[in-house]
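These notes concern the structure reproduced below.
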Amino acid sequence: MTETTSDVQARRRALMDQGLARRRSADRLFRWLGFAAVAFSALMLALLLVNMSSAGIAGFQRSELHFAIPLDGTMQIDAKRIAQPDPMGGLELAGLENVVKNAARNSLGTQADDLVGQGAWREVATAIIEDPSLLTGTYQAALPASDDLARAQRGEGDPAMQQLAKRLVSEGKLVRTFDRGFLSRSDATSPQSVGIWGALKGSMLTMFVTLVLAFPVGVLSALYLEEYAPKNRWTDWIEISINNLAAVPSIIFGLLGLAVFLALFPHYRSAPLIGGMTLALMTMPVIVISGRNAIKAVPPSIRDAALAIGASKVQVVFNHVLPLALPGILTGTIIGMARALGETAPLLMIGMRAFVASPPSGFTAPSSVLPVQIFLWSDEIDRGFVERTSAAIVVLLVFLLLMNGLAIYLRNRFEKRW
């Protein structure tokens, strides 16, 4: 029995329908897989943010003791003396520490010396320096509690101290409140007194040095390799080397900074200048690679049109190619700087793990950075430091978001369409 033309056409249509059905099924499967991948990524990001935020809330708080400190008639010091170059030392000589201790004993009892945080009187001194009129009245103090009392308020430590903490809480003398000084203080030996400003300022200075060194050198290298360098074995070897440098573990750059930069500047150990130079070496290959890709994406017709109307090679590169490639270059810069901001290993190698109790005064002053500060606090046994670690991570994430937001704004600002 021979197959008719209509039968052949029907069989072909059936095969075509089967093929279309398979392709549509594959398309639906791909769409759902893509949606599932995006949803999973968004879920993991949301879990990270929620976990860090919930854990960081406690890190932005501290246990404080509230009591009155009578300053009128008890301090043999005047406003003129406070205005001297060392007002803190003047208040110490005037006996402010003893005044604070006596006020704490009168309000909290004989155990007050074990309840008030060590060096808490300095916060009173800072308030007096900012407002000398406090010497004429009674100062309502909110001073950090000792580490033992803070642990007791959290339900840890000595049972007797926990009972005392409960009594002070019921009397309104011990409260857990938002620590406004966490963002303005530097590192300390007590979790009640630590702050993040020293490490945050160190990160800002280090990132500034990194950007100033890596961005112009990386962009100029990409322009030369893509627009001027001849295509030969030498440039091929350079390209391979740059690609390999982008994949080198970060600790290797730390070893390089230790062997080169600290050998040239031995007195600047743990300084933002050395840290920025080390991170610039790590960030530069990423900027070069992304810069070359962005420059390649510029249509050749742009170059040909500029040359046709008499523009020189330099004018073509800097007036036409570079502005069009700048958004892509900034994207690579964002990736490189974000990686540099979170790096710890290379900075540990050059000594940026020292205890620094004051914010850096400049690019050559001893400093810490946020990732290293987080690493050091996470290694502490006290739970108070663990809470501060979560708060520092939140600060780091906010700093990263602000830095990336600025970079994205600049990228969109300079974006041009053709």
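The values are calculated or read from the model by the stated rules, or taken from the named source; none is laboratory data. Keep in mind the model is a prediction, meaning the values are calculated, not measured. Quick reminder, even Gly has a Cβ in these numbers, built from the backbone with ideal geometry, and neighbours come from all protein chains shown. Side chains included, ligands, DNA and RNA excluded: accessible areas come from the protein's heavy atoms. Shrake-Rupley method; radii C 1.70, N 1.55, O 1.52, S 1.80 Å.
The table for this structure:
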{"read-out": "The stretch 223-238 residues that are free of Cβ contacts under 8 Å to residues at least 40 places away in the same chain, paired with ones that are of a type in the set (S, T, N, Q) (beta carbon under 6 Å, 6 or more apart)", "value": "Ala229/Thr235"}
{"read-out": "Out of Val209, Val217, sole residue that is assigned to a helix (DSSP H, G or I), touching a residue at least 60 places away in the same chain (Cβ under 8 Å) and surrounded by fewer than 19 Cβ atoms within 10 Å (Cβ to Cβ)", "value": "Val217"}
{"read-out": "Condition met for Val169 (surrounded by fewer than 19 Cβ atoms within 10 Å (Cβ to Cβ) and touching a strand residue (DSSP E or B) at 6+ places or on another chain (Cβ under 8 Å))", "value": "yes"}
{"read-out": "Lone qualifier among Thr278, Thr331 - being over 26 Å from Leu183 (Cα atoms), at pLDDT below 85 and assigned to a helix (DSSP H, G or I)", "value": "Thr331"}
{"read-out": "Any hit, the stretch 255-265, residues being open to solvent by 70 Å² or more (accessible area, probe 1.4 Å), under 16 Å from Pro366 (Cα atoms) and in a helix (DSSP H, G or I)", "value": "no"}
{"read-out": "Single unsatisfied condition, Ser358 versus (1) among the polar types (S, T, N, Q); (2) under 15 Å from the mean Cα position of the chain (by Cα); (3) open to solvent by 30 Å² or more (accessible area, probe 1.4 Å)", "value": "(2)"}
{"read-out": "Leading residue by the ranking (least open to solvent (accessible area, probe 1.4 Å)) among those in the stretch 303-333 that are of a type in the set (A, V, I, L, M, F, W, C) and farther than 30 Å from Asn404 by Cα", "value": "Ala306"}
{"read-out": "Residue satisfying all of: in the stretch 368-411; open to solvent by less than 20 Å² (accessible area, probe 1.4 Å) and not in a helix (DSSP H, G or I); nearest to Thr189 (Cα to Cα) among these", "value": "Ser368"}
{"read-out": "Count of the stretch 16-44 residues which are modelled with pLDDT under 85 and either loosely packed, with under 10 Cβ neighbours inside 10 Å or acidic (Asp, Glu) (or both)", "value": "1"}
{"read-out": "The stretch 222-246, residues that are closer than 13 Å to Val288 by Cα and either open to solvent by 80 Å² or more (accessible area, probe 1.4 Å) or of a type in the set (A, V, I, L, M, F, W, C) (or both)", "value": "Ala222, Leu223, Tyr224, Leu225, Ile238, Ile240, Ile242, Asn244, Leu245, Ala246"}
{"read-out": "Test for Glu156: is it touching a residue at least 40 places away in the same chain (Cβ under 8 Å), within 25 Å of Ser107 (Cβ to Cβ) and among the acidic types (Asp, Glu)", "value": "yes"}
{"read-out": "Selection count where residues are surrounded by fewer than 20 Cβ atoms within 10 Å (Cβ to Cβ), closer than 22 Å to Ala357 by Cβ and either in contact (Cβ under 8 Å) with a residue 12 or more places away in the chain or in contact with a His (Cβ under 8 Å, 6 or more places away or on another chain) (or both), scope the stretch 127-141", "value": "2"}
{"read-out": "Qualifying residue in the stretch 275-298 (condition: surrounded by fewer than 14 Cβ atoms within 10 Å (Cβ to Cβ) and more than 28 Å from the chain's Cα centre (by Cα))", "value": "yes"}
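Listed here are the residues, each with its yes/no results for (1) touching a Lys or Arg at 6+ places or on another chain (Cβ under 9 Å); (2) touching a residue at least 12 places away in the same chain (Cβ under 8 Å).
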site: Leu33; (1), (2): no, no
site: Val38; (1), (2): no, no
site: Leu45; (1), (2): no, no
site: Met52; (1), (2): no, yes
site: Arg62; (1), (2): yes, yes
